[in-house]
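A.B. asks: Below you will find the structure I want to go over with you.
FYI, it's all coordinate maths here, none of it is from the lab. Here the structure is a predicted model, which means the values were calculated and not measured. Glycine gets a Cβ as well: all are built from the backbone with ideal geometry, and neighbour counts include every protein chain shown.
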Amino acid sequence: MNDILDIEKMRYTVRSYSDKELEQEKLDKILEAGRWAPTAVNYQPQRIMVLNNDETLLKVKEFTTFGYNEYYAKIAKECSDEKKTAN
């Protein structure tokens, strides 16, 4: 039990990132750890994307809240549960 507490005490949240490229060996270890991570009764399929260049990162940002786009925000409002239950 102490091992888990020690690990939890070392945990921190990363709020900024380096532009330094991650070595392939380290990336492979991170992906392997994710592959073995538990999901709810193994019913939650995993989709892991490695965004290792600016072009692919920009494509994904178009569809996320981090790359806010007014068009997609409008669609989200039109599809909200709140609107569906109001009718």
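A.B. asks: Step through the residues of region 20-32 one at a time and calculate ³J(HN,Hα) from phi using the Karplus curve (6.51 cos²θ - 1.76 cosθ + 1.60, θ = phi - 60°), rounding each to whole Hz and writing x for Gly and Pro.
C.D. replies: 5, 6, 7, 5, 4, 4, 5, 4, 4, 5, 5, 5, 5
A.B. asks: Now, a different point. Let's see if you can work this out: charge +1 on each Lys and Arg Cβ, -1 on each Asp and Glu Cβ, no other charges. What is the dipole magnitude of region 1-63 about its Cα centre, in debye to the nearest 20?
C.D. replies: Roughly 260 debye for region 1-63.
A.B. asks: Enumerate the calculated ³J(HN,Hα) couplings along region 38-55 in order (Karplus 6.51 cos²θ - 1.76 cosθ + 1.60, θ = phi - 60°), each rounded to whole Hz, writing x wherever the residue is Gly or Pro.
C.D. replies: Result, rounded to whole Hz: x, 10, 5, 6, 6, 9, 9, x, 9, 10, 10, 10, 9, 9, 10, 8, 4, 4.
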